[in-house]
């Protein structure tokens with residue numbers, strides 16, 4: 001099991017914190033290591049189920065509602081599901097999900113069902 005030998009904060013911003021240090025790997029080797037910490041976030045896959053009288057096209061079947069977001073990192077507009085960052089690590093996930101959905105789409109969920117909880121681990125890079 002790897003363990004931190006030393007760790008210090010090298011950057012603290014409004015959205016994330018970067019820490020750098022050295023980690024002792026399971027084989028005993030000490031290696032440099034950097035991590036990015038943040039409060040996490042929520043993502044919502046809004047499923048629209050048309051019903052008579054709701055103003056949606058009557059032949060429309062179940063649909064996923066996507067939002068168009070400008071993403072400066074890739075210099076493009078992307079179609080995405082509604083998502084947003086937690087304001088704090090103790091932020092209520094259901095309330096945050098409902099707020100993000102309403103803010104980005106104008107819709108409120110009649111029912112929210114958690115289908116996934118994950119820890120995202122990847123290399124600290126961006127696509128080119």
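The values are calculated or read from the model by the stated rules, or taken from the named source; none is laboratory data. As the structure is a computational prediction, the values presented were derived from the model and not from experiment. Here Cβ is always computed from backbone atoms with ideal geometry, including for glycine, and neighbour counts include all displayed protein chains.
General observations
- Inspection of the stretch 52-59 finds no residue satisfying the criterion of being touching a residue at least 24 places away in the same chain (Cβ under 8 Å) and either within 21 Å of residue 101 (Cα to Cα) or in contact with a strand residue (DSSP E or B) (Cβ under 8 Å, 6 or more places away or on another chain) (or both).
- When 94, 74 are checked against the criterion of being assigned to a loop (DSSP other than H, G, I, E, B) and modelled with pLDDT of 90 or more, 74 stands alone in meeting it.
- Residues in the stretch 51-71 that are outside any strand (DSSP E or B) and surrounded by 12 or more Cβ atoms within 10 Å (Cβ to Cβ): 56, 65, 66.
- The residues in the stretch 21-41 that are more than 29 Å from residue 96 (Cα to Cα) and touching a strand residue (DSSP E or B) at 6+ places or on another chain (Cβ under 8 Å) can be counted, and the count is 9.
- Inclusion of residue 99 among residues that are surrounded by 13 or more Cβ atoms within 10 Å (Cβ to Cβ) and either in contact with a strand residue (DSSP E or B) (Cβ under 6 Å, 6 or more places away or on another chain) or in a loop (DSSP other than H, G, I, E, B) (or both) is not warranted.
- If only residues of the stretch 6-50 that are outside any strand (DSSP E or B) and in contact with a helix residue (DSSP H, G or I) (Cβ under 9 Å, 6 or more places away or on another chain) are counted, the one that is modelled with the highest pLDDT is 46.
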